[in-house]
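The values are calculated or read from the model by the stated rules, or taken from the named source; none is laboratory data. Just so you know, these numbers come straight off a predicted model, no measurement behind them. Cβ placement follows ideal geometry from the backbone for every residue including glycine, while neighbour counts extend to all protein chains displayed.
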Amino acid sequence: MPTIAAQLDRIFRSAIQDAFNMASDPQIGVSQNDKFGDYQSNAAMGLAKLMAEKTGTEANPRAIAEQIVAKLKLGDVATEVTIAGPGFINVRLSPVWLGERLNEIFEDARLGIAPVGEAQTIVVDYSGPNIAKEMHVGHLRSTIIGDAISRVLEFQGHKIIRQNHIGDWGTQFGRVVLAIWYLVLADHLNQVEALNRLVAWMKAASDAKDEAAKGEVVHAVAELHRYFLSQDPDGSVIFEPKLSSLKLKLGPLEALYQFVTAVTDSKAAEGEMIGENPLASLPRLFTTFIQDPKNPANKQEELAWRKASEATLETCNEIYTKLGVKLLPGDVRGESAYQDDLPGVVAELKAGKIAVESEGATVVMVPGYEAPLMIQKSDGGFLYGTTDLAAIRYRITKLGAQRIVYTHDSRQQQHFAEVFWTAKQVGWAKDVTLEYAPFGTMLGDDGKPFKSRSGATVKLKDLLDEAEERALKAVTEKQPDLPEVRRKAIAHSVGIGAVKYADLAKDRVSDYVFSFDKILALDGNTAPYLQYARARVRSIFRKAGDAEVGEIVLESPFELALAKHILRLGEVIDQVARELKPHHLCAYLYELAARFSGFFENCPVIQSAPALRESRLALCDLTARTLERGLELLGIEHPEQM
Ligand code: ARG
């Protein structure tokens, strides 16, 4: 069934056609004020302007509205059509007609929402964590928002290809491999303890921005190197690292990677603080050692890298599973996957005169942006933008993408604008829509970017665990007699749902304040509120025993208000898909729960006479199913009991 807005659109369109012999958008929307009606058309004002321009004489929008109304063939859809203000045409829907619509959608698992006429292949690029680093809150937002958008587009009938463009290439490669060599070598020499101590010292020195202390750590690392290097009489350590059996965990890997970064970036490492010390440039020394052709370790760089990738993705997958997002290991296609395509990308852009040389580097000058998009460094290295261009080409030519959606941090606005422009310019994305759906920053209570109390970045796993723990406490207080497994299952749905909903309920472009108390509250626009509302509707059926549902007849204004809202789900889904903004769906569900309360408080269900009871039970069932469908599209669970 087309949405009500779509049906009115068709009726108004032909009325405008009949009245003025022209095609025009009737601009159908929900009425500003339900005193006037349910839906309104704003077409008359625009038409008046258009006609005035054409004929050179004033046109009265109210008169135009009257002419449209005279041609409207609304049949049994509406009971009243009025013209308000300068020329808004308001339509009040007929309760009988609305009741019929509800009875029609009752039988349909999709609640009467037809799939789109023309299904597209849509790539959604979301999450995108980086190797050897824990996901941060930005990745959390990307994962949650990208997942909800994918679900909505998928429900519309599109073919969705999820792509996890992980950061697994670039300058960090060398440092991550170096970190792994430290680890295996220390292990080989039974020096893991010593290494861990160094890592901890370096972290403390870095956190304190204490260059002198950093210098000391670098000295200590120098000692370690000396130790490594003195293992063999001729001065080089020849050992066979057992990488294939190495069990790498993201936690220690990240610590070591940060350690290597701190050592490498330390002024001491440049030799400034340790003067003539021959071991000053430690990383280089170590790299030389690794690259020694006699050393079997240098043949295992690829494997080391793969281990780092695996360790990172293992942790990410735990988070995806906990979050219940649909992103699977098979959706990972990171930057490194495009490695072989990069020279070709640069060559094609150069051949098309889209990329130019600038101080030895290759760049694309994008109109409107001061900083150009760099695609090749003077040393020949490729960049983040180069991989993104290769990814666009791949997604269009190999995956058949007709639309590509990116949900990433608003700080990447310029990056995507430049990449999109370049892809359009070179002709890869001629008939393809490239869309960037940015989001703001998650803030703490203090209005600053979300951090733990100690000021460190918050581990996502800890954040999600805390949400579940707090939810468990609340559930246990309310339902102490439920078995623990049940309480834990509810706490999982509620805690994770609350985190996700908090992210989805706000217009994504703005920053938002994250507070456990607010997101877990049972009142207000929260997941627990909606989950509770839905569980409450379902509990009516338990109380109703074997009472049946029957034909819906709408009489009370509360029933009507609820009915009209239920029938709007399809319109809201269209809006979310168009704007890529899930908060519209959240607002819709919140309003649905409110209208249900109004209905339930004013219209007895179980105590009513059989026909009315059956009608109202059917309305309850549709409400529950609408809430369930909405929550599922957001990726939020709905526990049977709360
Ligand atoms: N790895 C990136 C980051 O952490 C996100 C990847 C976004 N996706 C893309 N196609 N560039 O910021």
For the stretch 390-403, which positions are in contact with a Leu (Cβ under 8 Å, 6 or more places away or on another chain) and either β-branched (Val, Ile, Thr) or within 10 Å of the ligand (Cβ to nearest atom) (or both)? ILE392
So which of TRP181, TRP201 is part of a helix (DSSP H, G or I) and closer than 20 Å to LYS299 by Cα? TRP181
As an exercise: evaluate ASP125 against (1) of a type in the set (Asp, Glu); (2) at pLDDT 95 or above; (3) over 23 Å from the mean Cα position of the chain (by Cα) and give the number of the one condition it does not meet. (3)
Report whether or not GLN376 is farther than 18 Å from ALA347 by Cβ and either more than 23 Å from the chain's Cα centre (by Cα) or away from the ligand (no atom under 11 Å from the Cβ) (or both). no
Suppose we filter GLU551, GLU571 for residues that are under 30 Å from THR433 (Cβ atoms) and acidic (Asp, Glu); which single one remains? GLU571
Tally time: how many residues in the stretch 340-362 are in contact with a strand residue (DSSP E or B) (Cβ under 8 Å, 6 or more places away or on another chain), assigned to a helix (DSSP H, G or I) and touching a residue at least 40 places away in the same chain (Cβ under 8 Å)? 4
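For the stretch 136-162, enumerate the residues that are within 15 Å of the ligand (Cβ to nearest atom) and either of a type in the set (Ser, Thr, Tyr) or closer than 14 Å to HIS583 by Cα (or both). Reasoning before the result, please.
Quick first cut of the stretch 136-162, residues within 15 Å of the ligand (Cβ to nearest atom) only: 136-147, 149-150, 161-162.
Listed by number, the residues that qualify are ARG141, SER142, THR143, ILE144, ILE145, GLY146, ASP147, ILE149, SER150.
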Give me the residue from the stretch 102-129 that is crowded, with 19+ Cβ neighbours inside 10 Å and not in a loop (DSSP other than H, G, I, E, B) and, out of that set, farthest from the ligand (Cβ to nearest atom). LEU102
Inside the stretch 411-449, can you point out the residues that are out of contact with any strand residue (DSSP E or B) (no Cβ under 6 Å at 6 or more places or on another chain) and assigned to a helix (DSSP H, G or I)? ARG411, GLN412, GLN413, GLN414, HIS415, ALA417, VAL419, TRP421, ALA423, LYS424, GLN425
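Residue under question is ALA391, and the condition is that it be under 24 Å from THR143 (Cβ atoms), touching a residue at least 40 places away in the same chain (Cβ under 8 Å), surrounded by 19 or more Cβ atoms within 10 Å (Cβ to Cβ) and not charged (D, E, K, R); does it hold?
On the way: under 24 Å from THR143 (Cβ atoms): yes; touching a residue at least 40 places away in the same chain (Cβ under 8 Å): yes; surrounded by 19 or more Cβ atoms within 10 Å (Cβ to Cβ): yes; not charged (D, E, K, R): yes.
Yes: the conditions hold for ALA391.
Residue under question is LYS461, and the condition is that it be in a helix (DSSP H, G or I), under 18 Å from the mean Cα position of the chain (by Cα) and either on the phi > 0 side of the Ramachandran plot or away from the ligand (no atom under 16 Å from the Cβ) (or both); does it hold? Spell out how you get there, then give the answer.
Numbers: in a helix (DSSP H, G or I): yes; under 18 Å from the mean Cα position of the chain (by Cα): yes; either on the phi > 0 side of the Ramachandran plot or away from the ligand (no atom under 16 Å from the Cβ) (or both): yes.
Criteria met by LYS461.
Please list, ordered by residue number, the helices (runs of 4 or more DSSP H) wholly in the stretch 508-569 having 1 or more residues that are buried (at least 21 other Cβ atoms within 10 Å of the Cβ) and more than 22 Å from the chain's Cα centre (by Cα).
Values: elements: 516-519, 527-544, 557-566.
The helices (runs of 4 or more DSSP H) meeting that bar are 527-544, 557-566.
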Given the condition surrounded by fewer than 16 Cβ atoms within 10 Å (Cβ to Cβ), over 30 Å from LEU619 (Cβ atoms) and of a type in the set (D, E, K, R), answer yes or no: does some residue in the stretch 77-99 qualify? no
What is the number of the single condition among (1) touching a residue at least 40 places away in the same chain (Cβ under 8 Å); (2) over 15 Å from LYS564 (Cα atoms) that ALA609 does not meet? (1)
